[in-house]
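To keep things clear, I will list the structure first and then write my remarks on it.
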Amino acid sequence: MTPIACRLPMSLALCLCLAPAVRAAEQCFQHKNDTTNALMILDLPDGDGDVLGVETGEINDVKEGYATSWDSTITGKRKGNQLDVKVEISIEGDKQVEKQAWHIEDGAVITDRNRYEPTDCQAAESGSFDNVPEHASEDISRGHCEAAEDVIFTCELDNNAVVSICAAPDRSTLAYRYGPPMMEPELTYPKDPVGSTKHFMIHTIGYAGGYNTGLGFKTGAYTYVVNERMISRGPSVAEKDMDGGVTLYEGKKIKFEAHCLGLDETSKGLNDLMDTIKQVPFFNEDGLVE
C-alpha cells in the first residue's frame with residue numbers, strides 16, 4: 001500500500017453515475033478491516049453474462065500516519081462462478097488498468113487481493129461514505145478547522161480534497177487535516193493535540209515582492225509539506241498572485257502533489273506561524289534538503 005497525504009475522494013453518489021440504472025441484479029459487497037474500507041457495487045447477472053460495476057475504497061492507517069483512497073470501474077463477463085474482469089483504478093492521481101480473474105464463493109466475491117462479503121447497499125452507503133462533521137454544515141470556508149480554532153491555511157485541491165492547517169487561538173496546538181470537503185478528514189496529524197506544535201517545522205524563501213513558505217512534518221520515511229506562495233505582479237500593480245498546495249515526499253522523491261484551486265482569503269496564512277513553529281531550512285526551490 002502506498003502512503004499519501006492526500007485522498008482522491010469520490011462520493012458514492014458520483015460512483016453510481018457510472019453504473020447503469022438500478023436493476024434487480026445490482027448487488028453490493030464490502031471489504032473492511034482495521035485500516036481498509038472498500039465498497040463494490042456490481043450489476044451481477046444470476047447466470048452467465050456481462051458484469052459492470054464500480055468500487056470506492058479508502059485506507060486510513062493511524063499507526064503509520066498515512067491515508068489514501070481509490071475508485072475503480074469494473075467491466076467483464078461471468079461464467080458460472082468465475083468472473084473475468086477488467087479493473088480501471090484511479091489512485092493518487094494515476095490510472096491503472098488490470099485484468100483479473102475473480103470467483104464467487106458462498107455469496108462473496110473473491111478478488112485478486114481481498115474477499116468482499118455481500119452487504120446491504122443502502123446501509124453501506126449511509127454508514128461508510130457520508131460522515132459529515134457539524135462544523136461543515138454552515139461555513140465551508142473553514143475547511144477542516146473546528147469553530148474554536150483559527151484557520152491558518154485551507155484550500156480545495158485539484159483532486160477534490162481539502163487540506164487545512166488549524167491552530168488554537170493561543171497557538172498552543174496545531175493540526176494538519178486532509179480529506180474530502182464537507183466530510184470528516186481522512187488524515188489528522190498529529191492525533192494528540194498536546195505538544196502538537198513540536199511536530200512541525202517551517203521555512204520561507206523570500207522573493208522580490210513575494211515569498212514561498214512551507215510548513216512540514218515527518219512521519220517515518222515520509223515528509224508532508226504544505227506550501228503557500230505569493231508573487232508580486234510588479235511595483236505598479238497592487239494585486240498579488242497567490243497559490244499553494246501539498247506535497248508528499250518519500251525520502252526526497254515526490255510521491256504525491258496536489259495544487260490549490262485558490263487560497264481562502266479568510267485564512268491567516270502560514271507566515272502567521274513564524275513565531276510559533278521551529279524554523280528549519282528543510283526545502284529549497286529544487287525540493288527537500290538535509
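The values are calculated or read from the model by the stated rules, or taken from the named source; none is laboratory data. Since this is a predicted model, take the numbers as computed values, not measurements. With ideal geometry, Cβ positions are generated from the backbone for all residues, glycine too; neighbour counts draw on all protein chains shown.
Here are a few things to note about the model shown:
- Among residues of region 147-159 that are in the same structural domain as Thr213 (by TED's automatic domain parsing) and without any contact (Cβ under 8 Å) to a residue 60 or more places away in the chain, those with a beta-carbon under 8 Å from a residue that is among the small types (Gly, Ala, Ser) and surrounded by 22 or more Cβ atoms within 10 Å (Cβ to Cβ) at least six positions away or on a different chain give the pairs Glu149/Ala167; Glu149/Ala175.
- Scanning region 116-175 for residues that are under 30 Å from Trp102 (Cα atoms), outside any strand (DSSP E or B) and modelled with pLDDT of 90 or more yields no hits at all.
- Test for Glu184: is it more than 19 Å from Thr68 (Cβ to Cβ) and of a type in the set (Asp, Glu): no
- Considering region 31-50, and only residues there that are surrounded by fewer than 20 Cβ atoms within 10 Å (Cβ to Cβ) and in a strand (DSSP E or B), the residue that is farthest from the chain's Cα centre (by Cα) turns out to be Gly49.
- Check on Glu186, buried (at least 23 other Cβ atoms within 10 Å of the Cβ), among the acidic types (Asp, Glu) and either touching a strand residue (DSSP E or B) at 6+ places or on another chain (Cβ under 9 Å) or modelled with pLDDT of 95 or more (or both): yes
- Residues within region 204-229 that are over 19 Å from Leu157 (Cα atoms), more than 19 Å from the chain's Cα centre (by Cα) and in a strand (DSSP E or B), tallied: 6
- Residue under evaluation Lys77, criteria (1) in contact with a Ser or Thr (Cβ under 8 Å, 6 or more places away or on another chain); (2) at pLDDT 85 or above, criterion not met: (1)
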